[in-house]
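J.: Take this structure first; my questions come after.
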Amino acid sequence: MTIAITGATGQLGQIVVEKLKVQIDAEPIVALARNPEKATELGVEVRVFDYNATETLAPALVGVDQLLLISSSEIGQRVAQHKAVIDAAKAAGVKHIAYTSFLRAAENPTPVTSEHVATEELLAASGLSTTLLRNGWYTENYAMGFAAALEHGALIGASGDGKISAATREDYAAAAAAVLMDPAKQGKTYELAGDDAFTLAEAAAELSRQAGKAIPYVNMTEADYAAALAQTGMPPEFAGFLAAMDTVTATGALFEDSKDLSALIGRETTPLSAVVTYLLSSSGT
Ligand SMILES: NC(=O)c1ccc[n+]([C@@H]2O[C@H](COP(=O)([O-])OP(=O)(O)OC[C@H]3O[C@@H](n4cnc5c(N)ncnc54)[C@H](OP(=O)(O)O)[C@@H]3O)[C@@H](O)[C@H]2O)c1
């Protein structure tokens, strides 16, 4: 049973490879990478795989039984890229694809949802056995905001009282590995999110508690938050994207209480407090 992972050089993909190696030999694991030199440390077979060089795709999937398609990071290009991967998987005889989609993709009005919906539709039309790993927000997405909050004495955002069921990449990677390792878990749709939701005000309170100083949460309008992020040197388009994500977060877009993630990984998800502890220790604070 050969398992291949796209985006294996990315932050999530590297952890998935590590988790699979703990459970099976490295031999049947294939890291698919557009930059193979970035994958040498993974200790598994590496094959060249560039979504934009479609001729690389089907040959790299020869002999692969299961494919983890980690969604591309190239927003705006992703439907065409994922279609090329799905077509190649079909041509190469891949039997099962697990895809990292987005939380409640079918109805969630976030700026990232539409490309995931389109990919889910392509997968459904492919006729291949498919598992949808609908990942929620990464807790690590708040690392930069927390670091800025420690420096400036306030956590800023535009998500109001919106609850955020974030989980770590480590937890989402464990879920992906669990699905790849167990046919009984395949062919399903999982809404993956952290067990304990938090608002940004609650995150600020946890940051304050652990840092030993008051760091209030300051809620802003979407436009003011985007402007504040852009002032830090962030590209305006990305600042606008993050601010728009916060606005839909205020309406509950990142909240989920299915507990699918802890059920899949067989343990509680990593709490926010542990992520804050890690960030404070790694920043030397
Ligand atoms: N749930 C969330 O909060 C959240 C947040 C951000 C992103 N995401 C999504 O989740 C995915 C995985 O997250 P991550 O943290 O692992 O992202 P990441 O670290 O940016 O990794 C993205 C991976 O995609 C690969 N890739 C990009 N373009 C490619 C192409 N044309 N051909 C082949 N490979 C290509 C990258 O290759 P290189 O190593 O060569 O760059 C990298 O391995 C992201 O790509 C994105 O779709 C989710």
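The values are calculated or read from the model by the stated rules, or taken from the named source; none is laboratory data. Computed from a predicted structure; not experimentally measured. Cβ atoms come from the backbone with ideal geometry, glycine included; neighbour counts cover every protein chain shown.
J.: Mind checking which residues of the stretch 196-213 are part of a loop (DSSP other than H, G, I, E, B), in contact (Cβ under 8 Å) with a residue 12 or more places away in the chain and out of contact with any strand residue (DSSP E or B) (no Cβ under 8 Å at 6 or more places or on another chain)? Can you show your working first?
T.: Looking only at the stretch 196-213, we keep the residues that are part of a loop (DSSP other than H, G, I, E, B), and these are 196-197, 199, 212-213.
Now restrict to residues that are in contact (Cβ under 8 Å) with a residue 12 or more places away in the chain: 196-197, 199, 213.
Result: D196, K213.
J.: To continue, here is another question. Can you tell me which of (1) away from the ligand (no atom under 16 Å from the Cβ); (2) at pLDDT 95 or above is the one E107 doesn't meet?
T.: With (1) away from the ligand (no atom under 16 Å from the Cβ); (2) at pLDDT 95 or above applied to E107, the lone miss is (2).
J.: So M1 ticks every box in (1) surrounded by 15 or more Cβ atoms within 10 Å (Cβ to Cβ); (2) touching a strand residue (DSSP E or B) at 6+ places or on another chain (Cβ under 8 Å); (3) closer than 21 Å to I86 by Cα but one. Which box is left unticked?
T.: Looking at each condition in turn, M1 falls short on (1).
J.: How many residues, within the stretch 130-142, are in a helix (DSSP H, G or I), touching a helix residue (DSSP H, G or I) at 6+ places or on another chain (Cβ under 7 Å) and not acidic (D, E)? I'd like the intermediate steps shown before the answer.
T.: First, the residues of the stretch 130-142 that are in a helix (DSSP H, G or I): 139-142.
Checking which are touching a helix residue (DSSP H, G or I) at 6+ places or on another chain (Cβ under 7 Å) leaves us with 139-140, 142.
Remaining after also requiring not acidic (D, E): 139, 142.
Looking only at that region, the number is 2.
J.: Now for a different question. List every residue pair whose Cβ atoms sit under 7 Å apart, with the two residues 6 or more apart in sequence or on different chains, where the first one lies in the stretch 113-142 and is more than 10 Å from the ligand (Cβ to nearest atom) and the second, anywhere, is modelled with pLDDT under 95.
T.: Hits for this filter: V117/A106.
J.: Of the residues that make up the stretch 218-237, is at least one closer than 16 Å to Y138 by Cα, assigned to a helix (DSSP H, G or I) and either touching a helix residue (DSSP H, G or I) at 6+ places or on another chain (Cβ under 6 Å) or in contact (Cβ under 8 Å) with a residue 12 or more places away in the chain (or both)?
T.: Pass one, the stretch 218-237, residues closer than 16 Å to Y138 by Cα: none.
Scanning the stretch 218-237 turns up no residue that is closer than 16 Å to Y138 by Cα, assigned to a helix (DSSP H, G or I) and either touching a helix residue (DSSP H, G or I) at 6+ places or on another chain (Cβ under 6 Å) or in contact (Cβ under 8 Å) with a residue 12 or more places away in the chain (or both).
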